[in-house]
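The values are calculated or read from the model by the stated rules, or taken from the named source; none is laboratory data. The structure displayed is predicted, hence computed values, not measured ones. Glycine gets a Cβ as well: all are built from the backbone with ideal geometry, and neighbour counts include every protein chain shown. Surface accessibility is based on the protein's heavy atoms, side chains included, excluding ligands, DNA and RNA. Shrake-Rupley method; radii C 1.70, N 1.55, O 1.52, S 1.80 Å.
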Amino acid sequence: MWGAPVSDRAKSIMLLGGGELGKEVIIEAQRLGLRTIVADRYEHAPAMGVAHEAYCLDMLDEEALRALIVRVSPDLVVPEIEAIATKVLVELEQEGFTVIPTAKAALLTMDREGIRRLAAEELGLPTAAYRFADGLEELEAAVAEIGVPCVIKPLMSSSGKGQSVCRRQEEAAGCWNLALEGARAKKMRVIVEAFVPFTSEITLLTVRSSSGTVFCPPIGHIQQDGDYVESWQPHPLSEGQLREAQSIALKITDALGGYGLFGVELFVTSEGIVFSEVSPRPHDTGMVTMVSQDLSEFALHVRAILGFPIPSVELLTPGASATLKAVREGEDFLIGGMDEALSLPRTQIRVFGKPLSKPGRRMAVALSSADDVETARSRAKQAASLLKVEWSN
Ligand SMILES: Nc1ncnc2c1ncn2[C@@H]1O[C@H](COP(=O)(O)OP(=O)(O)OP(=O)(O)O)[C@@H](O)[C@H]1O
Ligand SMILES: NCC(=O)N[C@@H]1O[C@H](COP(=O)([O-])[O-])[C@@H](O)[C@H]1O
Ligand SMILES: [Mg+2]
């Protein structure tokens with residue numbers, strides 16, 4: 001039970017991070033009459049445009065983050081990105097704040113080391129072989145131990161930033177420099193992972209709610225340079241593969257705890273399912289659920305974190321998503337090609353409304369459905385290819 005969004009009896013959620021995923025979370029929260037607050041590192045972040053209140057701050061600044069959360073005092077603190085001063089969230093949780101799904105989940109998934117050690121060393125889940133390195137010398141030793149090809153990633157980064165594949169021992173120095181450029185944190189430590197020869201990769205959206213855990217049908221996806229470009233649902237798996245995937249997802253999400261939706265990233269290999277990582281929040285590849293499911297991943301997240309039951313999730317139709325990325329930096333761009341893209345059947349577009357384009361930055365997504373996944377994929381890809389970030393000069 002709660003009152004009007006601006007009343008004293010309102011229920012409020014505060015998102016830490018206000019990108020394209022947060023924007024949809026806010027819209028779903030608005031639909032249930034919540035008071036919505038967004039914080040992010042820059043002004044006019046997508047979710048800010050649809051929220052009641054917005055704040056701009058460096059979310060890695062412990063003091064600033066603590067002061068803001070205490071001042072706003074929301075009913076639910078909902079991390080939307082990894083790069084947050086999670087130590088503050090742990091303290092605030094102890095002081096009585098509710099952090100979604102839990103402060104521990106935010107802390108462990110903030111850097112790749114926390115979640116990897118939990119998954120591989122505590123839970124015994126299958127993962128790629130890995131090492132950590134704090135400098136170039138350690139990195140070279142780690143690459144020699146793991147062997148090539150291997151994947152090198154800053155501990156704190158997302159959407160593939162700073163990530164590279166090292167194919168020869170001599171490439172290690174170049175990979176270190178790339179990681180330095182892409183890392184969001186000042187402290188630099190990387191993970192070196194053996195390259196997993198997967199046949200496909202999936203996201204298993206897993207929802208923990210007051211009525212238990214439910215799984216969405218698997219989402220298949222394709223990544224380029226560590227960032228997703230295309231996703232589709234359902235992705236076909238054998239009964240055995242699905243059981244294995246769900247068992248891994250259940251173990252990791254039970255260990256993180258709390259209510260909410262998780263994106264469990266898994267590699268499908270000829271030897272079995274391999275755990276990659278998990279987001280304790282909606283996942284970029286899950287944007288497809290806006291057209292394919294009765295409840296999108298955003299609706300599911302909001303419903304779960306409010307403590308409501310989720311007895312089932314229904315796939316209404318096969319669906320697909322494909323992204324539009326910018327190639328240039330600047331504010332003076334136009335998103336074009338919408339007429340053409342929207343001429344395709346069963347196709348929608350979400351333009352995120354980011355105020356600044358940057359090379360590789362995701363600016364919009366095309367969503368299509370069809371009677372089969374292949375048709376949905378080709379429609380979404382075609383729609384995305386018709387969209388353009390245009391410049392007048
Ligand atoms: N060990 C690996 N072997 C093979 N491919 C890998 C490996 N690690 C990462 N990749 C590829 O790079 C992609 C991105 O990796 P990862 O999910 O770890 O990065 P990320 O920056 O956290 O991305 P996001 O934030 O989008 O989830 C994976 O989806 C996969 O395609
Ligand atoms: N893979 C994680 C992911 O997709 N996160 C989404 O991207 C935003 C950051 O985008 P930006 O870097 O363009 O500001 C985040 O706020 C979140 O919505
Ligand atoms: Mg990932």
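Things worth noting here:
- The residue that is farthest from Met110 (Cα to Cα), among those in the range 284-298 that are open to solvent by 10 Å² or more (accessible area, probe 1.4 Å) and either touching a His at 6+ places or on another chain (Cβ under 7 Å) or within 16 Å of ligand 2 (Cβ to nearest atom) (or both), is Met290.
- Candidate set: the range 78-116, residues that are small (Gly, Ala, Ser) and in contact (Cβ under 8 Å) with a residue 24 or more places away in the chain; chosen: the one nearest to Leu60 (Cα to Cα): Ala85
- Check on Leu250, under 22 Å from Gly114 (Cβ atoms), away from ligand 2 (no atom under 16 Å from the Cβ) and in contact with a strand residue (DSSP E or B) (Cβ under 7 Å, 6 or more places away or on another chain): yes
- Scanning the range 287-300 for residues that are assigned to a loop (DSSP other than H, G, I, E, B) and within 20 Å of the chain's Cα centre (by Cα) returns Leu295, Ser296.
- For the range 173-192, the count of residues that are buried (at least 21 other Cβ atoms within 10 Å of the Cβ) and near ligand 1 (Cβ under 10 Å from one of its atoms) is at least one.
- Assessment of the range 301-315 against the conditions (within 16 Å of ligand 2 (Cβ to nearest atom), within 25 Å of the chain's Cα centre (by Cα) and modelled with pLDDT of 95 or more) yields at least one matching residue.
- Qualifying residue in the range 354-370 (condition: within 16 Å of ligand 1 (Cβ to nearest atom), touching a residue at least 40 places away in the same chain (Cβ under 8 Å) and closer than 30 Å to Ser211 by Cα): no
- Considered as a group, the residues in the range 246-286 that are touching a residue at least 40 places away in the same chain (Cβ under 8 Å) and in a loop (DSSP other than H, G, I, E, B) include one that is farthest from Phe308 (Cα to Cα), and that residue is Ser270.
- Test: residue in the range 289-308 that is of a type in the set (A, V, I, L, M), at negative phi and within 14 Å of ligand 3 (Cβ to nearest atom): no
- Number of the condition not met by Phe215 [criteria: (1) at pLDDT 95 or above; (2) out of contact with any helix residue (DSSP H, G or I) (no Cβ under 8 Å at 6 or more places or on another chain); (3) more than 16 Å from ligand 3 (Cβ to nearest atom)]: (2)
- Lone unmet requirement of (1) in a helix (DSSP H, G or I); (2) farther than 20 Å from Glu265 by Cα for Val77: (1)
- Residues that are surrounded by fewer than 18 Cβ atoms within 10 Å (Cβ to Cβ) and in contact with a strand residue (DSSP E or B) (Cβ under 7 Å, 6 or more places away or on another chain) within the range 114-146 comprise Pro126, Ala129, Phe132, Glu145, listed in sequence order.
- The criterion of being under 19 Å from Tyr259 (Cβ atoms) and either surrounded by 16 or more Cβ atoms within 10 Å (Cβ to Cβ) or within 16 Å of ligand 2 (Cβ to nearest atom) (or both) holds for Leu205.
- Comparison of Ser270, Ser238 shows that the only residue that is surrounded by fewer than 18 Cβ atoms within 10 Å (Cβ to Cβ), more than 16 Å from ligand 1 (Cβ to nearest atom) and more than 28 Å from Thr347 (Cβ to Cβ) is Ser238.
- Phe275 vs. criteria surrounded by 23 or more Cβ atoms within 10 Å (Cβ to Cβ), within 14 Å of ligand 2 (Cβ to nearest atom) and under 29 Å from Glu374 (Cβ atoms): no
- Matching entry among Ser357, Ser343, Ser312 (being on the phi < 0 side of the Ramachandran plot, surrounded by 14 or more Cβ atoms within 10 Å (Cβ to Cβ) and among the small types (Gly, Ala, Ser)): Ser357
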